[in-house]
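One structure is given below, encoded as structure tokens.
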Amino acid sequence: MFELDYKASNIRNAEKEYGLSFFDGISKVGSNRIDVTTLMFLYSCGGAADEDFEKDFKAGMQEVVLNIFEAIDDAGFLGEKLDIEAMKKELGLEKAKNSDSSTKSGETTKA
């Protein structure tokens, strides 16, 4: 997975390019009103190019959503920490339970 970097300059640039709001995008994904444009926009907010999104999207929409929320959580934009493990369960990403996956390196090792 692409290592998303949510910082003010990346978010501002994506908002200008897409004409969308970062926080509206987060709320859409958080309420399961997901569309590809919003996901691509949120990837762009994290400094990713369209090609980075395309590559990650092949792993599945749930993986993309999880990557977005993990990176936003790491950036500290939401104030309180998210329960990433609960999100993995809700998204049906049970394999995360059985292996240790790093979104930073993309490497997976068996637990």
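Computed values, structure above
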{"read-out": "Single residue of region 23-47 satisfying the filter (under 15 Å from residue 75 (Cα atoms), modelled with pLDDT of 95 or more and not hydroxyl-bearing (Ser, Thr, Tyr)) that is surrounded by the fewest Cβ atoms within 10 Å (Cβ to Cβ)", "value": "47"}
{"read-out": "Cross-chain or 6+ apart pairs with Cβ under 6 Å, region 62-78 first and more than 18 Å from residue 49 (Cβ to Cβ), then polar (S, T, N, Q)", "value": "70/103"}
{"read-out": "Complete set of residues in region 64-80 that are part of a helix (DSSP H, G or I) and of a type in the set (Asp, Glu)", "value": "70, 73, 74"}
{"read-out": "Residue count for region 30-69, restricted to those that are closer than 12 Å to residue 6 by Cβ and among the aromatic types (Phe, Trp, Tyr)", "value": "2"}
{"read-out": "Residues of region 36-63 satisfying the condition of being more than 13 Å from the chain's Cα centre (by Cα) and assigned to a loop (DSSP other than H, G, I, E, B)", "value": "49, 58"}
{"read-out": "Residues (part of a loop (DSSP other than H, G, I, E, B), free of Cβ contacts under 8 Å to residues at least 12 places away in the same chain and of a type outside the set (Lys, Arg)) located in region 3-35", "value": "19, 21, 31, 32, 35"}
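The values are calculated or read from the model by the stated rules, or taken from the named source; none is laboratory data. Since the model is a prediction, treat every value here as computed from it, not as a measurement. Neighbour counts are summed over all protein chains in view; Cβ atoms, including those assigned to glycine, are modelled from backbone coordinates with ideal geometry.
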